[in-house]
Amino acid sequence: MDKRDYYEVLGVEKTADAKVLKKAFRKLALEFHPDRNPDNPEAEDKFKEASEAYEVLSDPQKRQTYDQFGHAGLSGAGYQPGFQDMGDIFSHFGDIFGDLFGGRRGGQRGPRRGADLELRLPLDFMEAVHGCQKEIEVPTHVGCDTCDATGAKPGTAKKPCATCGGRGEVTQQQMFLRIRTTCPDCRGSGAMIETPCEDCHGHGKTRQVNKWTVSIPAGVDSGMQIRDRGKGETGDPGAPPGDLYVTIQVRPHDFFKRDGHDVYCQVPISYPQACLGAEVSVPTVDGEATVKIPRGTPSGKVFPLVGQGITAINKRSRGDQHVQVVVGVPTSLSSEEEDLIRKLAELQDGNVGEKGFFRDFLDRLNI
């Protein structure tokens, strides 16, 4: 299969300078990077193709040869563009991939920062509204006290890796290219443990459960995260620990419903209250408030309580509470109550007999 033009592969003009070439390659590397496209051979092929094109065009001498003679000219000049595996690519373009993905593959690595941890924390509705202090337990790994986090049995020491001579990387010669890759035996550490620590089995870390107190600010909602720096996994010796991310999960409330910073609720009122008006006490997230019900209020009407909702995080503003009144219908009546309602129906020219109010309404419309 014929190779595509390198400029076409990167999507640039033949006059593109080094900055444009690098930008184009970074874009393709992000799109087709193997970590973003697992089990996708086609994406891996495109990734290698882009890497090969950039490897040639970013080198002034190779680019000049390619511009004059094309792919055949590179072969004739003794160049062998292309990479055998991903390790070659990551080592060759370590600066770019370190930029894109926060680290490089290949080459000796320094002490690794501890991994971040995530914990899901359930909260009651009111705990989320007002904020609180919560004690949590976080399983994590810490440096082994027995071996001082070295992984080697006390009284013994690590030895330089025989494969890489303690450098953490090995060099492979491919024609005129010398390519450095991570040492396969020590995995870049440069050292080997001959006698592992019996407590941590050579890992340098042991498992323990830490107890922390987390401050929950007022106004948090489900899905929000609180970052606690330095409360994650312990890093390698000399490296900082990771962070702890606490993800909030708010339990639903029986009475209040939440939408952003606003609170909604339904309050029952009696038929006389709806007809004659009244002042009723309603629950709020801060206690009780009084709502004035005007005469003739229909069932379902909503009354806003401005500024009595939920506080916005780290702000002074608050949402509103929306109170919907619902006229209640009694399920049982005393004889006196029933007589009074029938008299009321008669006064309103209603019909509560066998035909019922709705049938009477239709009769009036001649339906």
**Message:** Exceeding 29 Å between C-alpha atoms, which entries from my cross-link table qualify? They are LYS23/LYS315; LYS158/LYS211; LYS257/LYS315.
**Reply:** LYS23/LYS315; LYS158/LYS211
**Request:** Within 10 Å of each residue's Cβ, count the other Cβ atoms and sort VAL302, VAL325 from fewest upward.
**Result:** VAL302, VAL325
**Request:** Starting from the Cα of GLU31, step 7 Å along the direction of its Cβ; do the same at VAL326; then give the gap between the two resulting points in nm.
**Result:** 5.4
**Complete:** Within the range 313-336, the residues whose backbone N lies under 13 Å from a label point placed 7 Å from the Cα of ASP259 along the Cα-to-Cβ direction are 320-324
**FRET efficiency estimate (nearest 0.05) - Cβ-Cβ, THR146 to ASN210, R0 22 angstrom** = 0.70
**Prompt:** If r is the Cβ-Cβ distance from SER335 to LEU276 and R0 is 22 Å, what FRET efficiency results, to the nearest 0.05?
**Reply:** 0.40
**Request:** Give the cross-link partners of LYS134 among the aspartates and glutamates, using a straight C-alpha distance below 15 Å as the criterion and excluding same-chain residues fewer than 8 apart.
**Result:** ASP124, ASP228
**Asked** Taking the alpha-carbon set of the range 4-76, what are its Rg and Dmax in Å?
**Response** 12.6, 38
**Asked** List the lysines whose alpha-carbon lies under 25 Å from that of LYS19, not counting same-chain residues fewer than 8 positions away?
**Response** LYS3, LYS27, LYS46, LYS48, LYS62
**Complete:** With label points set 7 Å from each Cα along the Cα-to-Cβ direction at ARG229 and GLU194, the distance between them in nm comes to 4.3
**Prompt:** How much FRET efficiency would the formula 1/(1 + (r/R0)^6) give for HIS201 and GLN249, where r is the Cβ-Cβ distance and R0 is 30 Å, rounded to 0.05?
**Reply:** 0.25
**Request:** Obtain the nm distance between the two label points defined at SER222 and LEU344 by a simple spin-label model: each point lies 7 Å from its Cα along the Cα-to-C-beta direction.
**Result:** 4.0
**Prompt:** What aspartates and glutamates sit close enough to LYS231 to cross-link, taking a C-alpha to C-alpha distance under 13 Å and skipping anything fewer than 8 places away on the same chain?
**Reply:** ASP116, GLU118, GLU137, ASP243
**Complete:** Sorted on mean Cβ neighbours within 10 Å (highest first), peptides 55-66, 202-213 come out as 55-66, 202-213
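Every number in this text was worked out from the coordinates using simple rules, so none of it is lab data. Predicted, not measured: the structure shown is a model, and the values here were computed from it. Glycine also receives a Cβ, built like all others from the backbone with ideal geometry; neighbour counts cover every protein chain displayed.
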